[in-house]
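Visitor: Have a look at the structure that comes next, please.
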Amino acid sequence: MPPWGLRWMRLFLNPFANDDFSYIDDSDRRKYIFERLEGSSLSECLWVVIVAGVGFFTDAYSIFAINMVVPMLGIIYYRDNENHGKMPHTYQTALGVVTLGGSMVGQVAFGLGADLYGRRKMYGLELIITIFATLGVVMSSNGTEGSMSVIAWLLVWRFASGIGIGSDYPLSAVLTAEFAPRKLRGKMMTAVFMCQPLGQLAATLVTLIAVRTHEKSIPASLTVGNCDKECIKTLDSIWRWVIGVGVIPALLALWFRLTIIESPRYTADVGRDSNKAASELTRYLLAEPDSEASSVTSRRPLDQPRLRQPGANGNGRTTSFDSQGQQTDIPRELHIEEQIMAAESENKPPPAPSWEDFKDYFWTKGNLRTLITTSLCWFGVDLPFYGLGMNNSDIINVIWHGIGSQPTETDYWEAKIYPTMIDNVWQSLTVVSVGAITGCLITFVAIDTLGRRNIQLIGFFFLFILFIVIGGSFNYLYETEGSAATIVLYILCQIFFNFGKRPLTPWSKYDYISAELFPTRYRALSHGISAAFGKLGSVIAQLYLAYINYGVHGHNIDYKVPQQWLPYSLLVFSVFMLAGFFLTYFWLPRSEYDADGIAKSLEQWEVGRPENGFSKTRVARVVVRGWRWGSKSWDKVVGLIDKDEGERRADAREERRLAREGRDRDWNGDADRDADVNGDGNGDGNGHGLGMEMR
């Protein structure tokens, strides 16, 4: 078998190749597509993980690299008596908000586009946006003698970058889910999303390497206040390199994204072209499918040429895969006999996407509740994740050093540049990256054992406990130099962020569930909406932490001093963790496996709430009854409106009919009078009689 990369290129470098499935009826083509996807091996699906993972890697790198360079931007552009070498707090907040706001736009817009126009047409476009936006960030400057504003350009390009970053969430998650066999789907999606903490790790390592490389240009004794032209030039070069390196993995993945085949599930279900889906799938997955899937292709008329069987090994035996994915040889006679005796498929395409079907699926059938649940869970978990993560340099500095760690403006002006930057990188590397990667590895091992829902429950529960513990003990640990205990607790938070989150969101479980629960025709949009709610939570967190004012014990808390507001913010965030726990417990499906103990396929998930083991608790029953009552009431209101509108239209039609008849009578009367004037003998009787008859 050729390497996966060559196999994929072969698919597109030979456009005349074709495997004709037109002689097979549509239901059996669909049976072949789904069973062929479910029977694919890890080696056949590995390319999906790599292509999607590179995008998530680039997104995370871009989001968190800006944290590493903000101190450099402050020294370069804001070394004045007012700012003392620190970027103004408002500007830092604006950079975070516009990036996350752009992500919201990209998630919804590209999610909708992927459902309307196809995954392939959208995939790659978002990476192009990210590449050009990143280059725009790198080239931002104040111009000659302040002719431009560097912060204005940074805000514009970071918003564009956010659109590209956000659009990658629904596309990569949905494509991975739709290509992955159900026995591997959990681990494949975990591997894809693990690229995000790896991207965060890469941002810190690249910064470390860049600073170390320019050590001679930034002497250890050089302070912020006496940074000369050579120092500023070096820092300006470093921050542009740190941001610009993020383009490299994006460029490497761009070719594969632009040439990726359309999701076979989308082509068959939404595009209504199962022949094309089966043909592309067969040309790509060159390994022989299992006997059940290949039996569909064997039932052909005698005058049709036999499809090639790439798994044939030339000795009268056929290569196949058992349930554990191990390669086996099956005698061809038995293989063909199984194919011929296979039962006819009863697969039927789902309803075509339409506004009426959309309302029926989400409103009438109650699946909107599932969408609301995934959206609110994502909202709750992104509040603390981005609220604490996108300001991590100041927060980690406080956690790491404890009392006296937050310098005054005068202290910062006299701070040594090189040691400070190295400390920031090492602290971020230890506290954030180690915990994030550890959480992902635990999820990768436990995803099929514990299940998505249970992992999310564990994550929400322990984050709730940790936030309570850290928030309640922070002041004591901070004042007694208990920084080691605080560091351990914060690392545990990062572990459970990336453990409890991983199965349902792009950083978490929300991504899994959002990419699995909904039907193919609405999957990308549903995922995009859920992700956008998460980013909405992160925007609120940024604004909340930017101008916080608790007013505790009769005095206000300065938002510029993290050790004052951090413990109270963690206590506030713990409430959202508890809410996420109960939402997950009551409103997410309990059963993730079928009767045989195998993870459900996407086709089993997409049928909706009642068939997938949703909670039958009293609260859930009350909500369902209320939902159905609201749905019926709304239908009645709509029906009355439609009835009134129909009556008005009928009255209007009747008025138009009477008006036409009146015009006809007037015309006939005029014709009779003209006939009388002209002396037409027949006119008087016939014309008059016709007019009377019509009247």
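Visitor: Quick one: net charge of MET122's neighbours, Cβ under 12 Å, K/R +1, D/E -1?
Guide: Neighbourhood net charge equals 0.
Visitor: Modelling each spin label as a point 7 Å along the Cα-to-Cβ direction, I'd like the GLU145/ARG649 distance in nm, to one decimal.
Guide: 6.9 nm
Visitor: What whole number of Å gives the distance from the Cα centroid of the stretch 349-390 to the Cα centroid of the stretch 82-109?
Guide: If we compute the Cα centre of each part, the gap is 26 Å.
Visitor: Each residue of the stretch 181-194 in turn: what ³J(HN,Hα) in whole Hz from Karplus with 6.51, -1.76, 1.60 and θ = phi - 60°, glycine and Pro shown as x?
Guide: Listing the rounded values in order: x, 5, 6, 10, 4, x, 5, 5, 5, 4, 5, 5, 6, 5 Hz.
Visitor: To continue, here is another question. Whose amide H sits under 5 Å from the amide H of ARG590, counting only residues 5 or more places off or on another chain, with H placed in the peptide plane?
Guide: PHE614, SER615
Visitor: Calculate the spin-label point distance for SER27 paired with TYR476, positioning each point 7 Å from the Cα along the beta-carbon direction, and give it in nanometres.
Guide: Output for this residue pair reads 6.9 nm.
Visitor: From the P(r) of the stretch 67-172, could you give the percentage of C-alpha pairs in the tail past 21 Å?
Guide: Summing the P(r) of the stretch 67-172 above 21 Å gives 41 percent of all pairs.
Visitor: Could you compute the FRET efficiency for ASP596 and LEU125, with r as their C-beta to C-beta distance and R0 at 35 Å, rounded to 0.05?
Guide: Working from the Cβ atoms, E equals 0.30.
Visitor: A further question on this structure: Let's test the formula: R0 of 56 Å, r as the Cβ-Cβ distance of ASN226 and ILE465. What FRET efficiency results, to the nearest 0.05?
Guide: Efficiency, rounded to the nearest 0.05: 0.75.
Visitor: Got a sec? How would GLU654, GLU126 order by Cβ neighbour count within 10 Å, fewest to most?
Guide: Going from sparsest to densest Cβ surroundings: GLU654, GLU126.
Visitor: Counting other beta carbons within 10 Å of each Cβ, put HIS89, HIS214 in order, fewest first.
Guide: Ordered from fewest to most neighbouring Cβ atoms within 10 Å, HIS89, HIS214 come out as HIS89, HIS214.
Visitor: While we're on this one: Just rank GLU414, GLU479, GLU35, fewest to most, by other beta-carbon atoms within 10 angstrom.
Guide: GLU479, GLU414, GLU35
Visitor: Based on the mean of other beta carbon atoms within 10 Å per residue, what is the order of 242-248, 259-265, most packed first?
Guide: Listed from highest to lowest mean packing, they are 259-265, 242-248.
Visitor: Given R₀ = 35 Å, what would the calculated FRET efficiency be for LEU441 paired with ARG212, taking r from the Cβ atoms and rounding to 0.05?
Guide: 0.80
Visitor: Ratio of alpha-carbon Rg to the 2.2 N^0.38 Å globular estimate for the stretch 56-122, to two decimals, please.
Guide: Here the answer is 1.56, to two decimals.
Visitor: Could you give the radius of gyration (one decimal) and Dmax (whole number) of the Cα atoms in the stretch 177-229, in Å?
Guide: Spelled out, the Cα radius of gyration and Dmax of the stretch 177-229 are 20.6, 60 Å.
Visitor: Just list whichever of LYS31/LYS348; LYS183/LYS535; LYS121/LYS600; LYS365/LYS632; LYS216/LYS416; LYS121/LYS276 have alpha carbons separated by over 19 Å in the model shown.
Guide: LYS183/LYS535; LYS121/LYS600
No value in this document is a laboratory result; all are computed from the given coordinates. These numbers come from a predicted model, not from an experiment. Methodologically, a virtual Cβ is constructed for each residue, glycine included, from the backbone with ideal geometry; neighbour enumeration extends over all protein chains shown.
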